[in-house]
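Colleague: So that we are looking at the same thing, I have put the structure below in structure tokens.
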Amino acid sequence: MGIALRYLFLRCYKIFFALMFNLILFGPPGSGKGTQSVNITHTYKLQHISTGDLLRDEVSRQTPLGVEAKKYMDQGLLVPDEVVIGMISSKIDESPNARGFIFDGFPRTKAQAEALDKLLEFKQTQIHLVLALEVPEDELTRRLVGRGETSGRSDDNLEVVVKRIKEYHAKTEPVAGYYHTHGKLERVKGDGTIENTFKLLSKEIEKYLLPA
Ligand code: ADP
């Protein structure tokens with residue numbers, strides 16, 4: 001490839017990645033991240049990456065990773081960082097032409113947040129915005145236990161839900177501080193209707209990105 005062509009290629013590459021928009025939907029279990037991610041994905045044509053969905057897929061296929069992850073998930077504990085980070089890395093690589101990513105349920109520890117920064121930096125992009133859904137604790141428990149009655153998710157029962165919320169406070173909440181320090185965190189009330197919460201989230205997203 002000639003020098004001029006290579007230069008042009010690199011410029012296009014940089015411009016392309018600079019145009020990416022990467023969002024984290026953050027919040028405790030039951031705050032509505034999954035539901036809102038689907039709405040956001042459709043409206044803004046971002047690539048949705050949910051570590052919970054990816055892990056449940058591994059569990060249902062009984063892969064070695066799934067068998068290992070299930071032990072933690074059934075106890076309401078976080079799956080080890082290295083497992084989740086490896087999974088995210090290959091998922092990002094699967095979508096080189098994405099308009100951007102929406103991360104749902106990831107990062108859940110400070111180590112995951114730092115690893116994500118490195119992965120995106122390598123791709124000459126970054127996290128642009130972290131939207132943190134805020135829902136009172138009694139409402140979270142009510143939603144999750146209610147979902148368990150129909151979802152068939154073995155971790156949506158009162159005993160495991162209480163552990164998941166405890167794990168959230170201990171390990172995941174500090175991730176909000178990490179992004180706040182970087183000036184990327186916006187808090188959004190998540191206890192209204194699905195439609196109203198979506199409007200609040202959209203208002204924040206549209207400071208960066210218009211519907212596709
Ligand atoms: P929720 O947000 O309602 O807890 P998820 O589907 O995001 O549901 O996660 C279900 C379970 O999968 C978690 O309790 C945890 O065991 C595991 N998990 C999901 N994402 C991660 C992650 N980023 N790091 C570690 N464990 C994870």
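The values are calculated or read from the model by the stated rules, or taken from the named source; none is laboratory data. None of the values given here were measured: they were computed from a predicted structure. As a convention, Cβ positions derive from the backbone with ideal geometry for all residues, glycine included, and neighbour counts pool all protein chains shown. Accessible surface areas use protein heavy atoms only, side chains included; no ligands, DNA or RNA. Shrake-Rupley method; radii C 1.70, N 1.55, O 1.52, S 1.80 Å.
Colleague: Could you say which residue among 46, 25, 65, 55 is under 27 Å from residue 167 (Cα atoms), away from the ligand (no atom under 11 Å from the Cβ) and modelled with pLDDT of 95 or more?
Modeller: The unique qualifying residue is 65.
Colleague: A further question follows. Residues 188, 160, 175: which one is open to solvent by less than 40 Å² (accessible area, probe 1.4 Å), free of Cβ contacts under 8 Å to residues at least 60 places away in the same chain and of a type in the set (A, V, I, L, M, F, W, C)? Let's see the steps before the verdict.
Modeller: On the way: 160 fails: free of Cβ contacts under 8 Å to residues at least 60 places away in the same chain; 175 fails: free of Cβ contacts under 8 Å to residues at least 60 places away in the same chain.
Among 188, 160, 175, only 188 is open to solvent by less than 40 Å² (accessible area, probe 1.4 Å), free of Cβ contacts under 8 Å to residues at least 60 places away in the same chain and of a type in the set (A, V, I, L, M, F, W, C).
Colleague: Which is touching a residue at least 24 places away in the same chain (Cβ under 8 Å), within 16 Å of the ligand (Cβ to nearest atom) and of a type in the set (Ser, Thr, Tyr), of 125, 197?
Modeller: Values: 125 fails: within 16 Å of the ligand (Cβ to nearest atom).
Result of the check over 125, 197: 197.
Colleague: Within the range 128-146, is there a residue that is near the ligand (Cβ under 10 Å from one of its atoms), farther than 28 Å from residue 202 by Cβ and either under 18 Å from the mean Cα position of the chain (by Cα) or crowded, with 19+ Cβ neighbours inside 10 Å (or both)? So that I can check it myself, show each step before the final result.
Modeller: Keep residues of the range 128-146 that are near the ligand (Cβ under 10 Å from one of its atoms), which gives 140, 143-144.
Still in the running and farther than 28 Å from residue 202 by Cβ: none.
Checked the range 128-146: no residue is near the ligand (Cβ under 10 Å from one of its atoms), farther than 28 Å from residue 202 by Cβ and either under 18 Å from the mean Cα position of the chain (by Cα) or crowded, with 19+ Cβ neighbours inside 10 Å (or both).
Colleague: Please go through (1) near the ligand (Cβ under 9 Å from one of its atoms); (2) closer than 15 Å to residue 50 by Cβ; (3) more than 12 Å from the chain's Cα centre (by Cα); (4) polar (S, T, N, Q) for residue 90 and return the number of the only condition it doesn't satisfy.
Modeller: (1)
Colleague: Among the residues of the range 148-157, how many are of a type outside the set (S, T, N, Q) and surrounded by fewer than 16 Cβ atoms within 10 Å (Cβ to Cβ)?
Modeller: 3
Colleague: Looking at the range 39-82, which of the residues that are of a type in the set (Ser, Thr, Tyr) and part of a helix (DSSP H, G or I) is surrounded by the fewest Cβ atoms within 10 Å (Cβ to Cβ)?
Modeller: First pass over the range 39-82, keeping only residues of a type in the set (Ser, Thr, Tyr): 41, 43-44, 50-51, 60, 63, 72.
With the extra rule that they be part of a helix (DSSP H, G or I), the set shrinks to 41, 43-44, 51, 60, 72.
On the way: 41: 16, 43: 17, 44: 20, 51: 23, 60: 10, 72: 16.
The extreme case among them is 60.
Colleague: Also, I was wondering about something else. Restricting the range 95-120 to residues that are open to solvent by 50 Å² or more (accessible area, probe 1.4 Å) and at pLDDT 95 or above, which is farthest from residue 51 (Cα to Cα)? Explain how you work it out, then say what you get.
Modeller: Filtering the range 95-120 down to residues open to solvent by 50 Å² or more (accessible area, probe 1.4 Å) leaves 96-97, 99, 108, 110, 114, 118.
Add one more test, that the residue is at pLDDT 95 or above, and what stays is 108, 110, 114, 118.
Working: 108: 10, 110: 16, 114: 16, 118: 18 Å.
Going through the qualifying residues, I end up with 118.
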